[in-house]
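Structure record follows, encoded as C-alpha cells.
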Amino acid sequence: MTDPRSAGRLGHEVRVLEPDELRAAHALFGAALHAAGPVDDERWAVTRTSYAPGRTLGVNLPPDTLAGTATSFGSELVVPGGRRVPMAAVTRVGVRADRTRRGLLTALMRAQLREAADRGEVTATLRASEARIYGRFGYGVASRGRTLRVDAGARFRTGTPAGGAVRLIDPDEAATVLPPLYTRILGDTTRPGPIVRDAGWWALSLRRPRTDAARGIAVHTGPDGDDGFVTWTVRQEGTEFGENVLEIADLHAATPQATSGLWRFLLGIDLLRHVSAPLRPLDEPVDLLLEDPRACRTTGIDDETWLRLLDVPAALAARTWGGTAGEPLRLRVHDAVFPANDGVHVIGAGDRDGTNGPAPGAPGDGPADLECDVAGLAMAYLGDRRPSELVASGWWTASDRADVARADNLFATAEVPWCGTFF
Ligand SMILES: CC(C)(COP(=O)(O)OP(=O)(O)OC[C@H]1O[C@@H](n2cnc3c(N)ncnc32)[C@H](O)[C@@H]1OP(=O)(O)O)[C@@H](O)C(=O)NCCC(=O)NCCS
C-alpha cells in the first residue's frame with residue numbers, strides 16, 4: 001500500500017504483503033502470541049491456504065522490514081432477521097514485542113478498516129486476545145458465550161428430545177461432510193451472529209497435523225438427514241486412568257432434537273469425568289435437558305464477537321427491528337474514523353413484522369432521541385445488549401426514559417446472538 005496516509009511519523013508504513021512474505025508474518029504473529037516456534041513445512045502447507053490473497057497487511061519500522069501484521073478473510077455475518085452482510089473476518093494481529101506501544105497496531109487497524117470499507121464490507125469482526133485492545137478502533141462486543149462444565153454420565157430428563165442417530169467420522173470424511181452441513185445449518189438459522197466459513201478456515205480446522213490430544217468428530221442424523229455435528233479433543237485431567245475431560249471444539253445443530261442428541265451422545269462416552277464446552281450460546285438449554293440441572297455448571301461468560309460497523313446506514317438497513325410500528329427513533333452515532341457514519345440515523349419498526357422500517361440513508365442532522373458511539377452501537381446491533389443497559393452504563397445517552405424503552409423494543413431479537421466460529 002503506497003497511500004501516504006499510512007506512513008507514520010516514526011517512518012513506518014503499512015503495505016499489503018506479498019505471498020512470499022506471509023510465512024514471516026505468520027511467524028511474527030505466532031511469536032507475539034507466545035506460540036512454540038515457527039510452523040514446520042508440513043503445517044505451513046496447510047496454514048498458507050487460510051491466508052486470503054491480498055488481505056494481509058504488514059507494517060515496517062526502519063530498520064526492520066516487518067514489525068507487525070494483521071490479516072482478514074472475506075465472510076458474511078447473519079444479522080437480526082436473517083439477512084447476511086459482507087464482513088471482514090479479522091485475525092492474526094500481532095506486533096513484535098520489541099516494537100509495541102509505538103502506534104503500529106493503530107496504523108494497521110486504520111489501514112485495514114479503510115481497505116475493508118473500500119471493498120464494500122459492511123462489518124468487520126474479530127476475537128480479542130485482550131479486552132482493552134480494540135474498543136478504540138470502534139469495535140464493540142456484539143455476542144458473548146458461556147463456558148459449561150457438565151458431569152459425564154449426567155442423566156437426561158424424560159421428555160427431552162431423544163435425538164437421532166450419531167456416527168463417528170474421520171477427518172477425511174469430515175472434510176467432505178462438514179462444510180456443506182455447516183452451510184445448510186447456516187442457511188436455516190434464525191440466530192443473529194453466525195458467519196460464513198471459507199475453505200481456508202475448514203482446511204485449518206480439519207486438516208491440521210494432529211496434536212497429541214485425542215480428537216473426535218461425530219455427525220447427528222435426524223428425520224431429514226444430517227442435521228448437526230460436533231468436533232472435540234480429550235485430555236487427561238487427573239492422575240487416575242479415566243480421569244479425562246472432553247472439550248467441545250465445534251458444535252452446530254439445526255434443530256433442538258439435534259442439539260439434544262449430540263449432547264446425549266457426548267455425555268454418554270465412556271472414561272470421561274466432564275464435558276467442557278467453551279463459549280456456547282447463552283441460551284443453549286443444556287441444564288434444562290438434565291435430571292440434575294446442577295450437573296451443568298456455567299464456569300464463565302466471555303466476549304465472543306467483537307464487531308466493527310463499517311457502513312452504519314447499510315448495517316441498519318440490513319437488520320429487522322422489533323416492536324410495533326410507531327414513531328421512528330433518531331439515534332446520533334459518532335464515528336471518528338468514517339465520517340459517513342457520523343450523524344443522526346432514523347430507525348423504526350415500520351410494519352408490524354419489523355421488515356419495513358424507514359429506509360435508512362445517509363445520516364442527517366438535528367435533534368436525536370439517543371446518542372452513542374459506533375462501538376456502543378455494535379454492542380446492541382445483534383441484540384446482545386439492550387439499549388437500557390447501555391444507557392445505564394454510560395455507553396449511550398438519552399434524556400427521555402420512554403425513548404430508551406422504545407429502543408429496547410426496536411433492538412430486541414428473538415434469539416441471543418452467537419457466532420460459534422473461532423478464527
Ligand atoms: C496488542 C498489540 C497488537 C498492540 O500493538 P501496539 O503496536 O503496541 O499497539 P499501539 O501502539 O498501536 O497501541 C495503541 C493504543 O492501544 C493501547 N494498547 C495496545 N495494546 C494494549 C493492550 N494489550 N492492553 C492495553 N492497552 C493496549 C496502547 O497503550 C495505545 O494506547 P495510547 O494510544 O493511549 O498510548 C501487541 O501488543 C501484540 O502483538 N500483543 C500480543 C499479541 C496479541 O495479543 N495480538 C492480538 C490478537 S487478537
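The values are calculated or read from the model by the stated rules, or taken from the named source; none is laboratory data. All values derive from a computational prediction rather than experimental measurement. Cβ: placed from backbone, ideal geometry, glycine included. Neighbour counts: every protein chain shown. What goes into the accessible areas is simple: the full protein's heavy atoms, side chains included, and nothing from ligands, DNA or RNA. Shrake-Rupley method; radii C 1.70, N 1.55, O 1.52, S 1.80 Å.
Hey, Ala162 hits all of (1) within 16 Å of the ligand (Cβ to nearest atom); (2) farther than 23 Å from Gly200 by Cα; (3) not in a helix (DSSP H, G or I); (4) not β-branched (Val, Ile, Thr) but one; which does it fall short on?
(1)
Given the criteria in a strand (DSSP E or B) and open to solvent by 20 Å² or more (accessible area, probe 1.4 Å), does Thr239 qualify? Let's see the steps before the verdict.
On the way: in a strand (DSSP E or B): no; open to solvent by 20 Å² or more (accessible area, probe 1.4 Å): yes.
Criteria not met by Thr239.
For Val141, are the conditions met, namely being open to solvent by less than 40 Å² (accessible area, probe 1.4 Å) and touching a residue at least 12 places away in the same chain (Cβ under 8 Å)?
On the way: open to solvent by less than 40 Å² (accessible area, probe 1.4 Å): yes; touching a residue at least 12 places away in the same chain (Cβ under 8 Å): yes.
Criteria met by Val141.
Which of the residues belonging to the stretch 44-53 are open to solvent by less than 50 Å² (accessible area, probe 1.4 Å) and either free of Cβ contacts under 8 Å to residues at least 60 places away in the same chain or touching a strand residue (DSSP E or B) at 6+ places or on another chain (Cβ under 8 Å) (or both)?
Initially, the stretch 44-53 is screened for residues open to solvent by less than 50 Å² (accessible area, probe 1.4 Å), giving 44, 46-47, 50-52.
Trp44, Ser50, Tyr51, Ala52, listed by residue number.
Filter the stretch 65-103 down to the residues that are open to solvent by 50 Å² or more (accessible area, probe 1.4 Å), away from the ligand (no atom under 13 Å from the Cβ) and at positive phi and list them by number.
Gly81
Table: residues versus (1) in contact (Cβ under 8 Å) with a residue 60 or more places away in the chain; (2) farther than 28 Å from Ser50 by Cβ; (3) within 26 Å of the chain's Cα centre (by Cα).
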{"position": "Leu204", "(1), (2), (3)": "yes, no, yes"}
{"position": "Arg215", "(1), (2), (3)": "no, no, yes"}
{"position": "His220", "(1), (2), (3)": "no, no, yes"}
{"position": "Thr231", "(1), (2), (3)": "no, no, yes"}
{"position": "Glu237", "(1), (2), (3)": "no, yes, no"}
{"position": "Ile248", "(1), (2), (3)": "no, no, yes"}
{"position": "Gly261", "(1), (2), (3)": "yes, yes, yes"}
{"position": "Pro278", "(1), (2), (3)": "yes, no, yes"}
{"position": "Asp292", "(1), (2), (3)": "yes, yes, no"}
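Name the residues in the stretch 11-34 that are open to solvent by 70 Å² or more (accessible area, probe 1.4 Å) and within 14 Å of the ligand (Cβ to nearest atom), would you?
The first filter runs over the stretch 11-34 and keeps only residues open to solvent by 70 Å² or more (accessible area, probe 1.4 Å), leaving 18-20, 23, 33-34.
Matches in the stretch 11-34: Leu33, His34.
Of the conditions (1) open to solvent by less than 60 Å² (accessible area, probe 1.4 Å); (2) out of contact with any Lys or Arg (no Cβ under 7 Å at 6 or more places or on another chain); (3) more than 21 Å from Val95 (Cβ to Cβ), Asp41 satisfies every one except a single condition; which number is it?
Going through the list (1) open to solvent by less than 60 Å² (accessible area, probe 1.4 Å); (2) out of contact with any Lys or Arg (no Cβ under 7 Å at 6 or more places or on another chain); (3) more than 21 Å from Val95 (Cβ to Cβ), Asp41 breaks only (1).
Among the residues of the stretch 104-126, count how many are within 13 Å of the ligand (Cβ to nearest atom) and surrounded by fewer than 19 Cβ atoms within 10 Å (Cβ to Cβ). Reasoning before the result, please.
At the first step, the residues of the stretch 104-126 found to be within 13 Å of the ligand (Cβ to nearest atom) are 104-112, 124-126.
With the extra rule that they be surrounded by fewer than 19 Cβ atoms within 10 Å (Cβ to Cβ), the set shrinks to 106, 110.
Matching residues across the stretch 104-126 total 2.
Please specify each residue of the stretch 16-38 satisfying the condition of being at pLDDT below 95 and more than 25 Å from the chain's Cα centre (by Cα).
Narrowing the stretch 16-38 to residues at pLDDT below 95: 35-38.
Listed by number, the residues that qualify are Ala36, Gly37, Pro38.
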